[in-house]
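Accompanying notes for the structure given below.
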Amino acid sequence: MSKPAALLQAWSVHKTYLLGRVEVPVLRGASLGVQRGEFVVIQGASGSGKSTLLHILGALDLPEKGTVTFDGRNLFAGSPAARERYRNRDVGFVFQFYHLLPELNVLENVLVPRLTGQSFWSWQVARGGVRRETEAMLERIGLADRAKHRPAELSGGERQRVAIARALINRPTVLLADEPTGNLDAVIGGEILDLLVELNRAGQTIVMVTHDAGVAARAHRRVVLKGGVIQEG
């Protein structure tokens with residue numbers, strides 16, 4: 001039986017950065033396929049391009065050469081507006097540093113992606129249902145009692161849970177996580193990893209960058225980025 005086509009596929013992706021007058025090649029033909037429902041970890045040395053590859057998979061950055069497809073669609077052949085819709089609807093992002101808005105409470109931070117692209121009137125119609133959905137999401141991640149708190153009033157683990165809830169509120173097909181446990185101690189980091197594994201078991205496709213071999217061991221598949229290309233772990 002032939003293997004099904006990858007949900008998210010990078011083909012021979014190249015990326016070079018300019019540091020002063022020096023060109024620094026980071027990706028030199030990296031290719032990676034991710035199946036629906038899979039949990040894939042990307043590892044590699046510091047500066048190897050792991051975050052760059054993740055950003056390109058999420059259309060946060062553009063490759064110089066190569067192709068990235070999502071569900072058979074070339075992400076970089078379409079318009080910037082199409083890529084924006086992809087970033088908002090099809091993928092969710094979780095970063096090492098939580099990037100929560102300090103002036104908003106937990107509930108409001110999680111709601112932010114739902115507001116993107118909404119007109120005032122469409123939001124007025126939908127807001128009751130969206131609020132209930134957001135409250136249910138906070139219940140799921142164990143933060144229902146923190147809904148009115150601001151980020152400064154939360155622990156690091158709680159902030160990361162809020163960031164995960166925000167990434168999931170639009171029900172993305174793929175969750176892209178860049179060192180989501182890297183800023184947390186071992187116990188709290190383990191709790192975040194347990195949450196990601198639980199989400200994956202429920203069907204969430206996850207691609208995660210991590211330095212932690214223990215974290216990588218919980219994934220379905222581990223790959224290593226070395227010399228600008230992907231090697232199967």
Task: strands (runs of 3 or more DSSP E) wholly inside the stretch 1-89 containing at least 3 residues that are of a type outside the set (A, V, I, L, M, F, W, C) and open to solvent by 20 Å² or more (accessible area, probe 1.4 Å) - done: 8-19, 22-34, 65-70
- [ ] Could you please let me know if residue 146 is under 16 Å from residue 108 (Cα atoms) and in contact with a Phe, Trp or Tyr (Cβ under 7 Å, 6 or more places away or on another chain)?
- [x] no
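Per-residue answers, yes or no, for (1) within 16 Å of the chain's Cα centre (by Cα); (2) open to solvent by less than 40 Å² (accessible area, probe 1.4 Å); (3) modelled with pLDDT of 90 or more:
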residue: 125; (1), (2), (3): no, no, no
residue: 131; (1), (2), (3): no, no, no
residue: 152; (1), (2), (3): no, no, yes
residue: 169; (1), (2), (3): yes, yes, no
residue: 172; (1), (2), (3): yes, yes, yes
residue: 178; (1), (2), (3): yes, yes, yes
residue: 187; (1), (2), (3): no, no, no
residue: 193; (1), (2), (3): yes, yes, no
- [ ] Evaluate the following for residue 187: is it outside any loop (DSSP other than H, G, I, E, B) and closer than 18 Å to residue 6 by Cβ?
- [x] no
Open item on the list: Criterion first (surrounded by 15 or more Cβ atoms within 10 Å (Cβ to Cβ) and charged (D, E, K, R)) does residue 108 satisfy it?
Closed with: yes
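The values are calculated or read from the model by the stated rules, or taken from the named source; none is laboratory data. Given the structure is predicted, the values throughout are model-derived calculations rather than measurements. All Cβ positions, glycine included, derive from the backbone under ideal geometry; neighbour counts span all protein chains shown. Protein only, heavy atoms only, side chains kept; ligands, DNA and RNA dropped before computing areas. Shrake-Rupley method; radii C 1.70, N 1.55, O 1.52, S 1.80 Å.
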